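One structure is given here, and the rest of the page talks about it.
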Amino acid sequence: MVEDTQRVIILGAGPVGLGAALELARFGVPSVLIERHAGTSWHPKTRNFNTRTMEIARGWGAATYKRLLSIDTPPGWKNPIRFMTSATGREYGRIETNGFEGPGPDVSPAMPIMTSQELIEEIMLDAARASGLVEVRFNTEAIRLVEGGASNDTCASLEVRNAKTGESEIITGSALVGADGAGSLIRRELGLRLEGRQDLSHIVNCYFRAAIEPLLDRKGVLFFVANDRARGVLQPLDAAGRWLCQITVKPEDWSSDAFSKDRAREWIRAAVGADDLAVDVLSLGFWKLNATVVERLVQGRVVLCGDAAHQFPPTGGLGVNTGLQGMHNAMWKLAYCVTGKAGWGLLDTYQTERRAVAVAITEQSLQNSANVGRIQAAALTGGDSGLDAEAVIVASRRYGNHLGVEFGAAYRSPAVIPDGTQPPAVADRYSDYTPSAVPGCRAPHIWLGLPGAELSTLDLIGAGFTLLAAPGAAALCEQASAASLALGIPVDIRRIGAAGLKDSGGFAAAYGLDDDGAVLVRPDGHIAWRARSAKDGGDLTAALGQILFR
Ligand SMILES: Cc1cc2nc3c(=O)[nH]c(=O)nc-3n(C[C@H](O)[C@H](O)[C@H](O)COP(=O)(O)OP(=O)(O)OC[C@H]3O[C@@H](n4cnc5c(N)ncnc54)[C@H](O)[C@@H]3O)c2cc1C
């Protein structure tokens with residue numbers, strides 16, 4: 001029987017709430033997951049789990065990771081972004097992207113997937129249930145935050161109503177994760193403002209079946225179309241007849257009464273350029289284009305994650321990924337706080353480390369959205385508007401090329417001990433990524449073991465801290481053991497080159513270490529501390545104590 005004071009309440013069983021449950025389970029922390037709907041969503045919304053997100057998914061177990069890989073789109077459908085008069089018409093521009101296909105095995109052991117959200121959620125729900133640590137409550141609507149938002153609150157509680165019986169009850173936990181989407185009740189209850197721009201446009205997201213693929217002479221990840229009758233984007237879901245499209249409509253048309261399935265069908269035919277195309281419209285979803293970030297990500301015992309914390313235009317493909325990557329940053333901290341391993345100040349570093357990342361991605365996604373509008377306007381006017389579509393396309397290179405913000409976040413906070421070095425300079429911090437083991441950066445991936453072993457340095461990072469040590473780092477390994485014992489914190493000590501850890505890719509060089517150096521990696525895979533050689537680094541017990549606010 002799980003005590004109320006042990007479990008964490010998670011509101012919202014979207015991808016980010018499900019991910020939070022999986023992450024907490026990784027640390028042995030039980031959770032109760034509240035969702036007002038009868039099950040997970042069946043309408044596909046977002047499509048893409050990028051490479052960094054799939055690195056996180058590797059931590060949810062091999063079976064879950066492999067199931068996610070198995071719903072990936074067939075080869076050829078992750079690139080490029082095409083700009084066309086219609087999907088079967090003239091192509092007037094394209095953006096070559098690497099963000100959706102991923103940077104490859106030199107940078108990451110994981111592969112990104114392009115799929116659809118309802119399939120992802122089903123797999124995540126199965127994994128959450130299999131953990132034995134997640135109580136899933138569907139048909140349960142949160143109506144009030146009772147406790148948890150004040151700085152001196154020592155638990156969190158939520159009033160919920162059972163949709164079937166109408167009965168209300170108060171659910172209590174040690175903390176609350178608000179993963180309740182763009183219209184977040186929790187954000188409202190905390191009185192937190194969204195900063196940025198809201199209601200920029202009204203979008204109908206239409207899920208349909210049509211045999212479009214046989215009509216196409218090219219593949220792509222996105223088909224932006226612009227003609228007299230249709231302007232928007234077609235998105236292939238499985239290269240086998242399942243599609244989504246995003247149609248921007250006037251505010252007065254933004255409802256199922258005004259925008260019927262018949263209208264959607266006509267729009268799709270015009271967008272494809274096939275007036276007799278058989279189209280089965282499966283569902284319509286209505287959402288608004290926002291570019292906002294909440295002013296605070298943590299308040300008292302409440303953490304906001306995913307769309308509850310920030311909403312981006314989809315032109316960037318980073319909404320759900322940034323939500324999951326932020327959640328990943330927050331959950332190990334929350335787990336360490338609720339189990340008494342860390343002081344609550346650690347949780348505040350989620351705000352310090354992730355809010356600026358969310359703001360940068362919001363701004364770029366908004367810029368991408370504006371660029372798409374300009375490209376389409378230029379194409380429709382045939383250059384009469386003074387805009388040159390080709391020039392705007394060149395200026396839009398960042399769309400889909402986001403390895404810098406995906407992998408390159410270099411955190412500066414009390415949960416990182418600087419060593420006086422800086423991450424390598426790159427030409428464009430949004431698009432370009434150079435692996436680095438400077439404290440605060442994501443630990444670089446290096447293949448270990450014999451060829452084909454498929455073991456990455458990233459696979460060594462578990463629920464505790466991990467010391468990745470060069471072969472001659474015996475003294476630092478002893479220090480790590482002593483720190484682990486002194487603080488009661490698990491520290492996995494991995495001597496690269498030891499049995500099963502053969503260095504096949506220049507570990508010491510990639511990590512900037514001498515033969516007796518080591519790095520301490522946090523449970524989210526970011527470098528907490530580095531001693532480039534045995535004489536550097538100082539007192540590891542003190543450093544770990546500082547990181548954990550002990
Ligand atoms: C119709 C639609 C279409 C979209 N299309 C795209 C797209 O094409 N591309 C793109 O990048 N992004 C798209 N998005 C956004 C994308 O789906 C989100 O970024 C992503 O789902 C965020 O995940 P999340 O878990 O934070 O929130 P959500 O997926 O929104 O999940 C929040 C969950 O909380 C539940 N919930 C909310 N309030 C309560 C309450 N009071 N009580 C109980 N449960 C509650 C909701 O029912 C929901 O299941 C779309 C969103 C919508 C709504």
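The values are calculated or read from the model by the stated rules, or taken from the named source; none is laboratory data. Being a predicted model, the structure only gives us computed values, none of them experimental. Virtual Cβ from ideal backbone geometry, glycine too; neighbours counted across all protein chains shown. Side chains included, ligands, DNA and RNA excluded: accessible areas come from the protein's heavy atoms. Shrake-Rupley method; radii C 1.70, N 1.55, O 1.52, S 1.80 Å.
When ligands, DNA and RNA are left out and all protein chains stay put, how many square angstrom of accessible area per residue does the chain have with a 1.4 Å probe?
Heavy-atom accessible area per residue stands at 38 Å².
Averaged across orientations, what area in nm² does the convex hull of the alpha carbons in segment 1-107 project? Numbers along the way, then the final one.
Numbers: hull surface 40.5 nm².
Averaging across all directions leaves 10.1 nm² for the Cα convex hull.
Could you give the spread of the C-alpha atoms of segment 156-272 along their three principal axes, from largest to smallest, in whole angstroms?
Answer, in whole Å and largest first: 56, 30, 28 Å.
In the calculated pair distance distribution of segment 423-550, what percentage of Cα-Cα distances lie above 25 Å? Show your work: numbers first, answer last.
Values: 1691 of 8128 pairs.
Of all Cα-Cα pairs in segment 423-550, 21 percent lie more than 25 Å apart.
How big is the Cα convex hull of segment 403-479 in projection, averaged over all directions, in nm²? Before the final figure, lay out the partial values.
Numbers: hull surface 28.0 nm².
Average of the hull's projected areas for segment 403-479 equals 7.0 nm².
In whole Hz, what ³J(HN,Hα) sequence does segment 445-450 give by Karplus (6.51, -1.76, 1.60; θ = phi - 60°), x for Gly and Pro?
Karplus values, whole Hz, x for Gly and Pro: 8, 10, 6, 10, x, 6.
Would you mind checking Lys333/Lys535; Lys341/Lys535; Lys78/Lys261; Lys45/Lys78 for any pair whose Cα atoms are more than 20 angstrom apart?
Result: Lys333/Lys535; Lys341/Lys535; Lys78/Lys261 exceed 20 Å.
Please state the relative contact order of segment 322-436 as a whole percent: Cα pairs under 8 Å, 6+ residues apart?
Values: 91 pairs, mean separation 24.9, N = 115.
For segment 322-436, the relative contact order is 22 percent.
For all pairs of alpha-carbon atoms in segment 67-108, what percent lies in each bin of width 5 Å, listed from the first bin to the last filled one?
5, 18, 19, 22, 17, 9, 7, 3
Sort 230-237, 92-99 for me by packing, meaning the mean count of neighbouring Cβ atoms within 10 Å per residue, highest on top.
Numbers: 230-237: 23.0, 92-99: 19.6.
Ranking, from highest mean packing down: 230-237, 92-99.
Output the relative contact order of segment 424-550, whole-number percent, from Cα pairs under 8 angstrom with separation of 6+ residues. Before the final figure, lay out each step's value.
Numbers: 246 pairs, mean separation 37.2, N = 127.
Result for segment 424-550 is 29 percent.
Take the Cα radius of gyration of segment 315-407 and divide it by 2.2 N^0.38 Å, with N its residue count; two decimals is plenty.
Working: Rg = 19.1 Å, N = 93, 2.2 N^0.38 = 12.3 Å.
The reported ratio for this selection is 1.55.
Principal axis lengths of segment 471-538 from Cα atoms, whole Å, largest first?
Each principal axis gives a Cα extent; for segment 471-538 these are 33, 26, 22 Å.
Which log10 I(q)/I(0) values does the chain give at q = 0.07, 0.09, 0.12 Å⁻¹ under the Debye formula, counting every alpha carbon as one identical point scatterer?
-0.41, -0.68, -1.16
If the convex hull of the alpha-carbon atoms of segment 90-226 is projected onto planes in all directions, what is the mean projected area in square nanometres? Don't skip to the end; give the middle numbers.
Details: hull surface 59.4 nm².
Over all viewing directions, segment 90-226 projects a mean Cα-hull area of 14.8 nm².
Quick one: which residues, 5+ away or cross-chain, put their amide H under 5 Å from the amide H of Gly285? H built at 1.01 Å from N.
Asn205, Cys206, Tyr207
Nearest 5 is fine: what % of DSSP beta bridges in the chain come out antiparallel, could you say? Can you show the working numbers first?
Numbers: 64 of 88 bridges.
Counting only bridges with both partners in the chain, antiparallel ones make up about 75 percent.
Taking all protein chains in place and a 1.4 Å probe, what share, in percent, of the accessible surface of the chain do carbon and sulfur account for? Intermediate values should be presented prior to the final figure.
Details: 10430 of 20890 Å².
Here it works out to 50 percent.
Once both labels are modelled 7 Å past Cα along the beta-carbon direction, what's the Gln546-Ala150 spacing in nm?
3.4 nm
Alpha carbon centre of segment 457-485 versus segment 252-282: separation in Å?
Using only Cα atoms, the two centres lie 58 Å from each other.
Could you work out the relative contact order of segment 411-481, using alpha carbon pairs under 8 angstrom and six or more residues apart, expressed as a whole percent?
On the way: 56 pairs, mean separation 13.1, N = 71.
The normalised contact order for segment 411-481 reaches 18 percent.
Toward the positive end of the charge dipole of the chain, about the Cα centre and with charges on Cβ (Lys, Arg +1; Asp, Glu -1), which of Ala499, Ile446, Leu237 goes farthest?
It is Leu237, whose Cα lies furthest towards the positive end.
Would you mind calculating the gained length between Gln198 and Arg429 on full extension (0.36 nm times residue separation, minus the Cα-Cα distance), in nm to one decimal? Write out the running numbers ahead of the final one.
Details: separation 231, 0.36 × 231 = 83.16 nm, distance 2.61 nm.
So the extension gain works out to 80.5 nm.
Rounded to whole Hz and in sequence order, give me ³J(HN,Hα) for segment 433-443 from the Karplus expression 6.51 cos²θ - 1.76 cosθ + 1.60, θ = phi - 60°, writing x for Gly and Pro.
9, 10, x, 7, 10, 4, x, x, 8, 5, 4
Only helical DSSP H runs with n ≥ 4 go in: add -39500 (n - 2.57) per run for the chain, normalise by residue count and round the 222 nm mean residue ellipticity to 500 deg cm²/dmol.
Per the formula, -9000 deg cm²/dmol.
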